[in-house]
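Written out below as structure tokens is the structure these notes cover.
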Amino acid sequence: MSTKVSDHILERLRAWGVEQVFGYPGDGINGLLAAWARADDQPRFIQSRHEEMSAFEAVGYAKFSGRLGVCAATSGPGAIHLLNGLYDAKLDHVPVLAIVGQTNRTAMGGSYQQEVDLHTLYKDVASDFVETVMVPEQLPNVLDRAIRTAYARRCPTALIIPADVQELDYSAPTHEFKMVPSSLGMSDYTATPTDDALRRAADVLNAGDKPAILIGQGAAGAVAEVREVAELLGAGVAKALLGKDVLSDELPYVTGPIGLLGSRPSYELMRDCDTLLTIGSSFPYTQFMPEFGKARGVQIDIDPHMVGMRYPYEVNLVGDARATLRRLIPLLDTDRGGREWHDTVCANVKRWHETMERRAGLSADPINPEFVARALDPLLPDNAILTSDSGSVANWYARHITMRPGMRGSLSGTLATMGPGVPYAIGAKFAHPDRPVFALVGDGAMQMNGLAEMITAAKYRDRWSDPRLVVGVWNNRDLNQVTWEMRAMEGSPSFLPSQEIPDVQYAAFARSLGLTGVRVEKPEDVEAGWRAALEADGPAVVEFLTDPAVPPIPPHATWEQMEATAASILKGDADRGSMIKQGLKAKVQEFLPGRDKG
Ligand SMILES: Cc1ncc(C[n+]2csc(CCOP(=O)(O)OP(=O)(O)O)c2C)c(N)n1
Ligand SMILES: [Mg+2]
């Protein structure tokens, strides 16, 4: 039997160690699907409900495995559906390969059915590498390059393969002119800055009295080194959302999340520091970083295209976080003076945790959304993987979930798209079938993507040795994050036609799929709800009827505002109804973003 192009592609994916492809069928990839059948489903074809979910699953898989995520879709509509997930990969710097079909070469340019100019469409999202395979001899080179580029640049890449090309007999490139042979694999490598640059960085860091460190996902391989530097300098460490799982929240000097979803101690750390060391983060919100001129800055980033932005750093070190820190550490002064700054940071962190606990403990109608996250926190196993969707739930994920060593967590950090919570969790289950996975999702995101993708979870449940895939839904009947943004920034009342969403029976839907489903309507049942989902023998949906009137307080609200305003809203006074319905401008703006910083 001859080897067709499509057979060769699957063979090459296997050679690269690809174990599964997240995809959805269509006649643009029928040739590939036939090859899959011939290859006994190796790599395994994982079928979603929608191509955007396939892309999110590939992103989730890549984020949690550290390996390439691969997704596949048909030409035209399938390729278009992939886009949002691929942009999520692009913006969060995740290696993902998209393989998409195209109409036959004879029809190209003919306004043919489902013909979309995919090369142009993908030129932005897969700007580092997109190629259309026109003859078999382009392979394996273009596939190898797509994979190498995705890894090297941490980005999505794409291969477009016309349907008729998939069916051609494969013939390898030869030794001749204009042939491009290729080989497998590439070694690991470690980038480090020059000695001179490291010396200058150390001089800046040694000169400061009040150091702050900001870490992102780029610091993930440097946990011990980040700790050592923080402890040497007596620094507080704030974490951008994608770096939430890098360092344990149990360390007394870890101030937790930063930004609008961040913590008061992170806000104060940045406000009051005189030195900033940023490691592996492109956290975009300059207004939450030190005032210009107040702090001297050093940045470490592996990507020379990403250094020097966001803050006027004095030294921009290009290098791998771990290798760079290891060479920086011997240059740091060990005989540093007082611990006053360190003690202040730690005291703020302690106060923050206590404040958060009190806020979560306030009663609401019917359930305080912060309490739902707080109740989950102590139940999380040490090897838990968490995903969060975009929405107010991301605030509760950021603030109430205590990351401990070994735990993992992620969300759509930069695109901040709604909808990846459940598909990321499915991708995580394929990356780590032996670990429990928790998706924290708003009801809007659940209606957008999560519900349908529970069908995928049900379909593949038997593949996962640890049965736990817990989807928690904050059912507040509202697109709450945006409702609060409108109130805070526009001062406008909630616009019900755009903000209110139907009360859907999420748990009942899960049960209709043969999964566990629990609906929690009272605060006293919250913990039991989580426990029931944790004890289920497969994927579970546990929904909580939460109060949309609990505002995501910004980190620059004063300590008093944080407690007092929440209490006054929640105690059910006359203001409450009007605030929820009309969003009384003065009342709400008193403690939401945009007010002067406390
Ligand atoms: C694809 C997409 N559409 C719209 C938005 C804007 N947006 C951000 S959060 C949000 C509301 C999310 O609602 P829900 O999932 O119910 O969570 P909640 O904020 O109510 O907790 C919206 C509409 C977005 N980020 N992504
Ligand atoms: Mg909602």
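The values are calculated or read from the model by the stated rules, or taken from the named source; none is laboratory data. Everything quoted here is computed from the prediction, not taken from an experiment. With ideal geometry, Cβ positions are generated from the backbone for all residues, glycine too; neighbour counts draw on all protein chains shown. Please note that ligands, DNA and RNA were not included when accessible areas were found on the heavy atoms of the full protein model with its side chains. Shrake-Rupley method; radii C 1.70, N 1.55, O 1.52, S 1.80 Å.
Only residues that are farther than 21 Å from residue 399 by Cβ and assigned to a loop (DSSP other than H, G, I, E, B) were counted in the stretch 515-561, giving 7. Taking the criterion of being outside any helix (DSSP H, G or I), crowded, with 21+ Cβ neighbours inside 10 Å and under 24 Å from the mean Cα position of the chain (by Cα), the residues of the stretch 131-168 that qualify are 155, 156, 157, 158.
Would you say residue 448 is in the same structural domain as residue 528 (by TED's automatic domain parsing), within 15 Å of ligand 2 (Cβ to nearest atom) and touching a helix residue (DSSP H, G or I) at 6+ places or on another chain (Cβ under 6 Å)? Considered against the rule, which asks whether it is in the same structural domain as residue 528 (by TED's automatic domain parsing), within 15 Å of ligand 2 (Cβ to nearest atom) and touching a helix residue (DSSP H, G or I) at 6+ places or on another chain (Cβ under 6 Å), residue 448 comes out as no.
For the stretch 267-284, the criterion of being of a type in the set (Val, Ile, Thr) and surrounded by fewer than 22 Cβ atoms within 10 Å (Cβ to Cβ) is met by no residue. Picking from residues in the stretch 169-183 that are touching a Lys or Arg at 6+ places or on another chain (Cβ under 8 Å) and part of a loop (DSSP other than H, G, I, E, B), the one that is nearest to residue 18 (Cα to Cα) is 182. Considering (1) surrounded by fewer than 18 Cβ atoms within 10 Å (Cβ to Cβ); (2) among the small types (Gly, Ala, Ser); (3) closer than 30 Å to residue 294 by Cβ, the lone condition that residue 185 does not fulfil carries the number (3). Suppose the filter is hydrophobic (A, V, I, L, M, F, W, C) and under 25 Å from residue 359 (Cβ atoms); does residue 510 pass it? So residue 510 fails the test.
For the stretch 69-92, filtered to residues that are open to solvent by 10 Å² or more (accessible area, probe 1.4 Å) and in contact (Cβ under 8 Å) with a residue 60 or more places away in the chain, the residue that is nearest to the chain's Cα centre (by Cα) is 91.
Whenever a residue of the stretch 384-400 is farther than 11 Å from residue 370 by Cα and charged (D, E, K, R), its partners that are within 12 Å of ligand 2 (Cβ to nearest atom) and part of a loop (DSSP other than H, G, I, E, B), lying with C-beta atoms within less than 9 angstrom and at least six residues away or across chains, give the pairs 389/418. May I ask you to say which residue of 360, 347, 384 is under 21 Å from residue 555 (Cβ atoms), of a type in the set (Gly, Ala, Ser) and open to solvent by less than 10 Å² (accessible area, probe 1.4 Å)? Result: 360 is the single residue among 360, 347, 384 that is under 21 Å from residue 555 (Cβ atoms), of a type in the set (Gly, Ala, Ser) and open to solvent by less than 10 Å² (accessible area, probe 1.4 Å). Just for the stretch 21-57: of the residues that are without any contact (Cβ under 8 Å) to a residue 60 or more places away in the chain and either in the same structural domain as residue 419 (by TED's automatic domain parsing) or of a type in the set (Asp, Glu) (or both), which one is surrounded by the fewest Cβ atoms within 10 Å (Cβ to Cβ)? Within the stretch 21-57, the match that is surrounded by the fewest Cβ atoms within 10 Å (Cβ to Cβ) is 40. Among the helices (runs of 4 or more DSSP H) confined to the stretch 416-490, the ones with at least 3 residues that are open to solvent by less than 10 Å² (accessible area, probe 1.4 Å), of a type outside the set (Gly, Ala, Ser) and more than 8 Å from ligand 1 (Cβ to nearest atom) are located at 421-431, 451-460. Within the stretch 359-383, the residues that satisfy the criterion of being of a type outside the set (Val, Ile, Thr), part of a helix (DSSP H, G or I) and touching a residue at least 40 places away in the same chain (Cβ under 8 Å) are 359, 360, 369, 370, 371, 373, 375, 376, 379. The number of residues in the stretch 452-503 that are more than 16 Å from ligand 2 (Cβ to nearest atom), touching a helix residue (DSSP H, G or I) at 6+ places or on another chain (Cβ under 7 Å) and without any contact (Cβ under 8 Å) to a residue 24 or more places away in the chain comes to 0. Residues of the stretch 405-414 include at least one that is within 14 Å of residue 384 (Cα to Cα), away from ligand 2 (no atom under 16 Å from the Cβ), touching a helix residue (DSSP H, G or I) at 6+ places or on another chain (Cβ under 7 Å) and among the small types (Gly, Ala, Ser).
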